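Okay, so here's the structure we're looking at.
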Amino acid sequence: MIKINHLAKTIGNKKILIDVNLEVHSGEIVGFLGPNKAGKTTTMKILAGLLNPTSGEIIIGDGKIPKDDISSSVAFIPDYPLLYEKLTGREYLNFIYSVYNLDNSSRNGKIDYMLEIFDLAEQKDDLCGNYSLGMQQKLSFASAFLRDPKILLVDEPMNGLDPKSNKMVQDMLVEFAANGGTVLLSTHILDIAERICREVVVINKGKTVAYGTIPELKNMMHIESGSLIDVFLAVTDKQK
């Protein structure tokens with residue numbers, strides 16, 4: 001699970017996060033929505049252990065941040081892939097395998113499987129720096145699933161993906177949650193959030209401004225019909 005209570009983050013004199021609250025249980029995909037510069041990526045980086053919070057309580061799985069073994073159960077897929085450009089696709093997955101001390105007996109089989117399902121087998125010996133953005137994004141997903149994490153933090157996952165890969169990633173996230181995984185999904189593609197998320201959290205200007213199922217948020221905003229886009233615009237416009 002993921003639980004955040006009153007999360008705040010100040011960088012220099014700028015308050016990036018003021019009061020972010022959310023909760024994601026095992027077996028759930030929760031959409032993490034907000035306009036640009038709302039604080040979504042900062043929140044994700046704090047959950048991933050890449051930034052320290054200024055204040056607030058964060059619970060990941062069974063522990064509170066900071067905790068040394070949290071990174072082994074959490075995989076962060078950033079909005080732009082961060083790969084080693086001088087490694088090949090296969091070398092990069094081998095590097096991930098070594099860094100996280102994964103079971104060596106299944107190394108080659110699991111790496112081959114990930115390369116195959118993400119349609120990277122033919123490019124496995126090409127340098128990551130020569131991959132297209134979509135291929136880099138797929139390798140980023142492959143490296144995350146390779147680790148068998150319990151929690152996925154996914155920030156704008158569809159950057160550069162073609163429609164087939166887009167659908168495959170959505171299906172994998174749904175299957176991951178169905179098998180007990182926890183997913184916090186940040187996306188500007190609200191149709192995806194509406195399709196696969198059980199609940200959504202909307203933040204704006206560093207604060208949680210709405211949280212619940214889409215029907216609950218429609219009721220809160222007095223929207224009788226419409227999509228998640230209508231709810232999102234109503235919630236964020238209200239905060240101006």
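The values are calculated or read from the model by the stated rules, or taken from the named source; none is laboratory data. Source: prediction; values computed, not measured. Counting neighbours? That spans all protein chains shown, and the Cβs are built from the backbone with ideal geometry, glycine included.
For Leu173, all conditions in the list (1) under 26 Å from Gly49 (Cα atoms); (2) more than 13 Å from the chain's Cα centre (by Cα); (3) of a type in the set (A, V, I, L, M, F, W, C) hold save one; what is the number of the exception?
All conditions are met except number (2).
Residues being under 17 Å from Pro157 (Cβ atoms) and without any contact (Cβ under 8 Å) to a residue 60 or more places away in the chain: count how many of those fall in the stretch 37-49.
So the count comes out to 1.
Among the residues of the stretch 148-200 satisfying the criterion of being more than 20 Å from His25 (Cα to Cα) and basic (Lys, Arg), which is surrounded by the most Cβ atoms within 10 Å (Cβ to Cβ)?
Lys167
Pull up the stretch 21-57, narrow it to residues that are touching a helix residue (DSSP H, G or I) at 6+ places or on another chain (Cβ under 7 Å) and crowded, with 22+ Cβ neighbours inside 10 Å, then point me to the one that is nearest to Gln170 (Cα to Cα).
Of everything passing the filter in the stretch 21-57, Ile29 is nearest to Gln170 (Cα to Cα).
Having 1 or more residues that are in contact with a Cys (Cβ under 7 Å, 6 or more places away or on another chain) is the bar; report the strands (runs of 3 or more DSSP E) wholly within the stretch 3-62 that clear it.
Of the strands (runs of 3 or more DSSP E) lying wholly inside the stretch 3-62, those with at least 1 residues that are in contact with a Cys (Cβ under 7 Å, 6 or more places away or on another chain) span 29-33.
I'm checking my understanding of the structure. Among residues of the stretch 89-124 that are assigned to a loop (DSSP other than H, G, I, E, B) and either in contact (Cβ under 8 Å) with a residue 40 or more places away in the chain or touching a strand residue (DSSP E or B) at 6+ places or on another chain (Cβ under 7 Å) (or both), which one is surrounded by the most Cβ atoms within 10 Å (Cβ to Cβ)?
Phe118
Step by step: first the residues of the stretch 193-208, then only those that are outside any strand (DSSP E or B) and of a type in the set (A, V, I, L, M), then the one that is farthest from Thr43 (Cα to Cα). Which residue is that?
Among them, the one singled out is Ile196.
Identify the residue in the stretch 125-147 that is over 17 Å from Ile111 (Cβ atoms) and not polar (S, T, N, Q) and, among all such residues, is surrounded by the most Cβ atoms within 10 Å (Cβ to Cβ).
For the stretch 125-147, the residue satisfying everything is Gly134.
Given the conditions (1) at pLDDT 95 or above; (2) of a type outside the set (Asp, Glu); (3) more than 29 Å from Glu23 (Cβ to Cβ); (4) surrounded by fewer than 22 Cβ atoms within 10 Å (Cβ to Cβ), which single one is not true for Lys207?
Here Lys207 clears every test but (3).
Every residue in the stretch 176-185 that is under 13 Å from the mean Cα position of the chain (by Cα) and either at pLDDT below 95 or part of a loop (DSSP other than H, G, I, E, B) (or both), please.
Answer for the stretch 176-185, where residues must be under 13 Å from the mean Cα position of the chain (by Cα) and either at pLDDT below 95 or part of a loop (DSSP other than H, G, I, E, B) (or both): just Gly181.
Glu224 - would you say it is assigned to a loop (DSSP other than H, G, I, E, B) and charged (D, E, K, R)?
Considered against the rule, which asks whether it is assigned to a loop (DSSP other than H, G, I, E, B) and charged (D, E, K, R), Glu224 comes out as yes.
For Ile229, which of the numbered conditions (1) outside any loop (DSSP other than H, G, I, E, B); (2) among the hydrophobic types (A, V, I, L, M, F, W, C); (3) within 23 Å of Lys45 (Cα to Cα) fails to hold?
If we test Ile229 against (1) outside any loop (DSSP other than H, G, I, E, B); (2) among the hydrophobic types (A, V, I, L, M, F, W, C); (3) within 23 Å of Lys45 (Cα to Cα), just (3) comes out false.
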